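Have a look at this one.
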Amino acid sequence: MKVLVAVKRVIDYNVKIRVKADQSDVDLTNVKMAMNPFCEIAIEEAVRLKEKGIATEVVAVSIGPKAAQEQLRTALALGADCAIHIETDERAESLAVAKLLAKVVEEEQPGLVILGKQAIDTDNNQTGQMLAALTNLPQGTFASEVVVDGDKVNVTREIDGGLQTIALTLPAIVTADLRLNEPRYAKLPDIMKAKKKPLDVKTPADYGVEIASKVSLLKVESPAERKGGIKVASVDELIDKLKNEAKVL
Amino acid sequence: MSILALADLHEGQLAGATARVVAAAQAIGGDIDVLVVGEGVHAAAEAAAKLDGVSKVRVADNAVYAHQLAEPMGALLVELADGYTHVLASASTTGKNVLPRLAALKDVSQLSDVIAVESADTFKRPIYAGNAIATVKSDEALKVITVRTTGFDAVSDGNSAPIEVVDTVVENNQSSFVKEELAKSDRPELGGAKMVISGGRGMGNGDNFKLLDGIADKLGAAIGASRAAVDAGFVPNDMQVGQTGKIVAPDLYIAVGISGAIQHLAGMKDSKVIVAINKDEEAPIFQVADYGLVGDLFEILPELESKL
């Protein structure tokens with residue numbers, strides 16, 4: 001079974017966000033970029049399926065600027081066998097990304113597609129579900145456990161209030177939540193080997209997909225700053241403040 | 001304008017988030033229909049009919065919609081969305097699971113986690129874990145939106161809107177329900193609680209979370225946790241407050257033994273009053289706390305419980 005994994009290049013998890021002075025967007029100049037953490041979990045799950053002998057091949061795909069190839073090389077170093085880069089400098093939204101991925105699914109015919117549940121830049125949490133709808137495949141979102149069992153996959157999902165397990169027919173789309181696994185670090189020899197693995201470069205036009213969106217970004221602002229308050233010296237003072245100053249007790 | 005709002009259910013009953021989604025729909029303006037989908041959900045439909053501002057409740061009650069699986073719900077929404085200008089759902093795990101399917105099948109973009117309505121086509125939503133707020137305008141003919149319910153005050157009860165049965169039944173041979181493990185608790189639900197007390201890595205282990213129980217009981221508070229506490233296995237995942245967990249905005253949020261990583265702050269910084277209890281006086285949580293108490297939580301918590 002072939003496993004397809006989508007990865008996204010985003011701002012590094014630890015970088016503090018700055019909004020541009022003209023409020024047009026978040027400032028990404030000279031900012032450290034990395035693979036979206038949920039995509040790392042998706043790659044890890046695919047590589048583990050290969051190590052268990054369930055997956056035969058892991059294909060990584062990314063949509064974005066030329067620099068996204070860095071993240072694809074990371075995916076290859078982590079154990080993906082080959083990569084597809086769909087190059088665009090336009091701001092590709094979830095729907096366009098899902099349309100492109102649907103075309104890749106049509107070409108590659110994977111038994112399973114694994115994506116991160118959301119990207120930490122736009123926080124949309126849409127692409128996997130949209131891909132499932134467009135390919136008419138079942139979806140297991142927010143997965144904390146994935147068990148392939150013959151022609152089915154059991155997915156345990158993190159839902160409000162607890163966990164839900166569902167069974168899906170294969171092929172299926174899975175989106176990874178935080179506790180699906182703990183991703184490994186790439187070893188230096190694997191990073192060297194990854195440079196020689198195949199990486200195909202395509203464009204959205206090759207797939208006949210328009211990137212343009214009907215949603216426009218009018219303005220990006222910093223959120224209202226919350227000011228730190230005071231330190232209290234004792235439990236008594238805390239209770240007094242909550243009762244008489246904040247009036248929440 | 002004409003809006004379809006998907007009702008949130010909790011164990012078959014109408015969840016409080018629905019009244020907030022209706023409030024978001026009122027901010028857009030126009031006729032508001034509430035759609036209740038599931039199996040055995042007529043009580044939920046009757047509860048939805050009482051919500052102020054609702055023109056009509058539509059109820060699709062069938063075994064194929066049991067457990068609100070994404071494939072049949074998405075297919076049903078595609079059938080029902082025609083004629084509406086907006087389809088709304090809360091940004092619960094159900095809304096997030098289902099609405100993008102509708103958007104994709106209608107070939108429109110979706111706006112996720114909307115926190116404010118500027119006009120019928122312009123909305124505010126947090127990006128980068130709430131470290132920036134984007135104002136976005138959608139020119140789609142059908143606007144598909146998930147609503148962050150902490151951004152809207154619930155509408156009240158007092159209506160008696162008509163209930164219409166939807167007999168559309170779709171097929172589903174792709175997905176099936178296996179099991180559910182839901183946390184049982186007499187405490188208020190984390191997302192809608194007026195008070196929340198959360199523990200972090202500083203709690204040391206899962207047993208020590210019992211120290212929060214007595215305080216939660218006295219306050220009528222829900223209990224939450226930081227990602228660090230969940231990852232360490234102290235408590236189950238559904239207690240996580242943060243960017244990828246629950247977003248809460250109670251009147252009072254008490255953070256105990258939580259350092260205050262930005263991902264945690266993203267989930268609670270809109271709380272009205274924040275209290276931080278931590279032994280490290282340099283902990284970033286103090287930068288957002290209205291009242292900070294530096295000290296050993298194992299001494300402070302029993303004292304707080306006895307004095308409340």
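No value in this document is a laboratory result; all are computed from the given coordinates. Only a predicted model underlies this, so the values are computations on that prediction, with no experimental measurement involved. Positions of Cβ are backbone-derived with ideal geometry, glycine not excepted, and every protein chain shown enters the neighbour counts.
Could you give the angle, 0 to 90 degrees to the nearest 10, between helix A:69-78's Cα long axis and the longest principal axis of the Cα atoms of chain A?
Its long axis makes an angle of about 80 degrees.
List the trypsin sites (Lys or Arg not before Pro) within segment A:1-74 that DSSP assigns to loop and that have no more than 13 neighbouring Cβ atoms inside 10 Å.
A:Lys16, A:Lys20, A:Lys32, A:Lys52
Past 26 Å, Cα to Cα, is the threshold; run A:Lys52/A:Lys197; A:Lys231/B:Lys272; A:Lys20/A:Lys99; A:Lys16/A:Lys103; A:Lys16/A:Lys66 against it and keep the listed order.
Cα-Cα > 26 Å for A:Lys20/A:Lys99; A:Lys16/A:Lys103; rest within.
Taking each residue of B:268-274 in turn, how many C-beta atoms of other protein chains fall within 10 Å of its C-beta, and what is the average?
Mean shielding by partner chains, rounded to a whole number: 3.
So, one more: Contact order normalised by length for segment A:2-245, with contacts defined as Cα pairs under 8 Å and 6 or more residues apart; what percent is it?
23 percent
Would you kindly state how much longer the chain becomes between B:Ser160 and B:Leu308 on full extension, computed as 0.36 nm times their sequence separation minus their alpha carbon distance, in nm to one decimal?
Taking 0.36 nm per residue and subtracting the Cα distance, the gain is 49.2 nm.
May I ask you to derive the relative contact order of segment B:1-122, considering only C-alpha pairs under 8 Å and at least 6 residues apart, and to give it as an integer percent?
29 percent
May I pose another question? Once chain A is represented by equal point scatterers at the alpha-carbon sites, with solvent omitted, what log10 I(q)/I(0) does the Debye formula produce at q = 0.12, 0.13 Å⁻¹?
Reported log10 I(q)/I(0), two decimals: -0.73, -0.82.
What angle do you read, to the nearest 10 degrees and between 0 and 90, between the alpha-carbon axis of helix B:210-219 and the longest principal axis of chain B?
In chain B, helix B:210-219 runs at an angle near 70 degrees to the longest axis.
Using the Cα centre of segment A:2-245 as origin and beta-carbon charges of +1 (Lys, Arg) and -1 (Asp, Glu), tell me which of A:Gly229, A:Val7, A:Ala77 is placed farthest towards the positive end of the dipole.
Ranked along the dipole, the leading option is A:Ala77.
For the pair A:Asn14/B:Asp167, report the inter-label distance in nm, with labels modelled 7 Å from Cα in the Cβ direction.
6.2 nm
Roughly how many Å is it from the Cα centre of segment B:41-120 to that of segment A:76-106, as a whole number?
Result: 29 Å between the Cα centres.
If you put +1 on each Lys and Arg Cβ and -1 on each Asp and Glu Cβ, how big is the dipole of segment B:2-165 around its Cα centre, in Debye rounded to 20?
It works out to roughly 440 debye.
I would also like to ask the following. To the nearest 500 deg cm²/dmol, what mean residue ellipticity at 222 nm is calculated for chain A from DSSP H runs of n ≥ 4 alone, each contributing -39,500 (n - 2.57), summed and divided by the residues?
-7500 deg cm²/dmol
Round to a whole angstrom and tell me the spacing of the C-alpha centers of segment A:2-27 and segment A:141-181.
Here the answer is 26 Å between Cα centres.
To continue, here is another question. Partner chain Cβ atoms within 10 Å, averaged over the residues of A:231-237 - can you pull that number for me?
So the per-residue partner count for this stretch is 6.
List the GluC sites (Glu not before Pro) in segment B:113-203 that DSSP assigns to loop (not H, G, I, E or B) and whose Cβ has at most 11 other Cβ atoms within 10 Å. Which are they?
Listed in order of number, the matching sites are B:Glu171.
On the Cα set of the protein assembly as shown, report Rg and Dmax in Å, please.
So, for the protein assembly as shown, Rg and Dmax equal 23.3, 69 Å respectively.
Follow-up question, since we're still on this one. State the extension gain, in nm to one decimal, for the chain segment bounded by A:Glu70 and A:Lys52, taking 0.36 nm per residue of separation less the distance between their alpha-carbons.
3.8 nm
For segment A:58-111, what does the equivalent ellipsoid look like in terms of its semi-axes, each the square root of 5 times an eigenvalue of the Cα gyration tensor, given largest first in whole Å?
Listed largest to smallest, the semi-axes of segment A:58-111 are 18, 16, 7 Å.
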